[in-house]
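Visitor: This is the structure I have questions about; it appears just below.
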Amino acid sequence: MNARRRTVLAAGAAGAAALATGCGSSDGDGDDASPTPSAPGDATGGAELARTGDIPVGGGTIFKEQKIVVTQPTEGDFKAFSAVCTHASCLVSTVSDGTINCPCHGSKFSITDAAVEAGPATRPLPAEQIGVSGGAIRLG
């Protein structure tokens, strides 16, 4: 192994160790068993993604930055799924006519449970955790 490669590998290992150390959280009480919520007073602990009124009944909204799609199959019933297609990892682009639609190869997923409605995808979109409270939809 040449010296340059050893330097790169050593730097990578040091960076990984720093990342692993930075992932822990401590509030100073010695009990790190439960995570600290990112929004005080919020039971779900996540940032607000949308207001419930932003998600159409029988449809959904794609949050590209978070790679999440939130749907409302029936009034007051909110679901969240990964917005990354299980076929070729493209980001889904629309929600219409009861399906979440991928632009790359035409896969369609149910807004109710993300089951495959049309291929080539063979696996549903993975579910994501959200919390709904007080008109807010939060990552959770």
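The values are calculated or read from the model by the stated rules, or taken from the named source; none is laboratory data. Keep in mind the model is a prediction, meaning the values are calculated, not measured. Cβ sites come from the backbone with ideal geometry, for glycine too, and all protein chains shown count toward neighbours. The protein model used for the area step is the full one, side chains on, heavy atoms only, and it has no ligands, DNA or RNA in it. Shrake-Rupley method; radii C 1.70, N 1.55, O 1.52, S 1.80 Å.
Visitor: Among the numbered criteria (1) modelled with pLDDT of 95 or more; (2) within 16 Å of the chain's Cα centre (by Cα), which one does L139 miss?
Guide: (1)
Visitor: Could you check, for the range 69-77, whether at least one of its residues is closer than 20 Å to E48 by Cα, in a loop (DSSP other than H, G, I, E, B) and among the acidic types (D, E)?
Guide: Checked the range 69-77: at least one residue is closer than 20 Å to E48 by Cα, in a loop (DSSP other than H, G, I, E, B) and among the acidic types (D, E).
Visitor: In addition: Among the residues that make up the range 46-53, is at least one of them surrounded by fewer than 17 Cβ atoms within 10 Å (Cβ to Cβ), of a type in the set (D, E) and in contact (Cβ under 8 Å) with a residue 24 or more places away in the chain?
Guide: Yes: one or more hits.
Visitor: Moving on. Tally the residues that are assigned to a strand (DSSP E or B), farther than 16 Å from G46 by Cβ and open to solvent by less than 60 Å² (accessible area, probe 1.4 Å), restricting the search to the range 82-101.
Guide: The total comes to 7.
Visitor: Output the residues belonging to the range 66-81 that are open to solvent by less than 40 Å² (accessible area, probe 1.4 Å) and under 17 Å from G134 (Cβ atoms).
Guide: Within the range 66-81, V70, Q72, F78 qualify.
Visitor: Of the residues that sit in the range 108-123 and are out of contact with any strand residue (DSSP E or B) (no Cβ under 6 Å at 6 or more places or on another chain) and of a type outside the set (V, I, T), which one is nearest to P56 (Cα to Cα)?
Guide: D113
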